[in-house]
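The structure appears right after this line, and notes come after that.
The values are calculated or read from the model by the stated rules, or taken from the named source; none is laboratory data. Because the structure is predicted, anything quoted here is derived from the model rather than measured. Ideal geometry is used to build each Cβ from the backbone, glycine not excepted, and the neighbour counts take in all protein chains shown.
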């Protein structure tokens, strides 16, 4: 009964976290932004944080009770959020070589995973939630009369839906990142072959024009470098893939929008270009 109750609360807070993320990001970007690691409308990191805080401040004797000072709540919530954010970010980056949030441009950050302003913000939010929201939430949820069997069934349904969403999301992300890696590998092969061809061309041509004026030889010696510059500025292998972004399935587009930073083995800028193309398609209403 207790476990099923916390499972239900976890899903409620995860949904509320998703609503907050979507509203905040939509306001800052000025267009609808469906946030979250999973495809469904939940952000589990908020559910984990809220349920952990509820257990600490309502179940543990040392911390429970209205007499808990605000500064103690602030420190626990701030440090807890920092540990949770850093851990989740580290695990996701090690698993997918990608980051769903990036604080690298925010002052006092640690590897872009956590930052002081966000930590302080979560600490303040923790004080407000524990002191004001939790009492109201607990009072109203206790008034709701659920049969124990209903709670168990709801918890099992939520777990099943969460498991399905997690499996689909991981499969979709893995397929998307494999696609990016394969495209970059093919691009590297084409670029290497092109560079080798350009590098070998001067020797062949010089043999044919050994009697040409010196000015022609100088221009020819400069040609390979100019070609290399043009190739680096507009690699056709990447340009061809820009049109394929619209062929990604909805789950892959969702993840492509939400991944802030992708760290492939070799950075050709493909991820940034695909994301920009997807953003342009969104603006055009595609």
Could you figure out which of (1) at pLDDT below 80; (2) assigned to a helix (DSSP H, G or I) isn't true of residue 252?
-> (1)
How many residues does segment 117-153 hold that are in contact with a helix residue (DSSP H, G or I) (Cβ under 6 Å, 6 or more places away or on another chain) and farther than 30 Å from residue 102 by Cβ?
-> 2
For segment 116-133, indicate whether the set of residues that are assigned to a loop (DSSP other than H, G, I, E, B), at pLDDT below 95 and assigned by TED's automatic domain parsing to the domain that holds residue 6 is non-empty.
-> no
When both residues are 6+ apart or on different chains and their Cβ atoms are under 8 Å apart, which pairs have a first residue that lies in segment 163-176 and is assigned to a helix (DSSP H, G or I), and a second that is surrounded by fewer than 14 Cβ atoms within 10 Å (Cβ to Cβ) and at pLDDT below 95?
-> 172/249
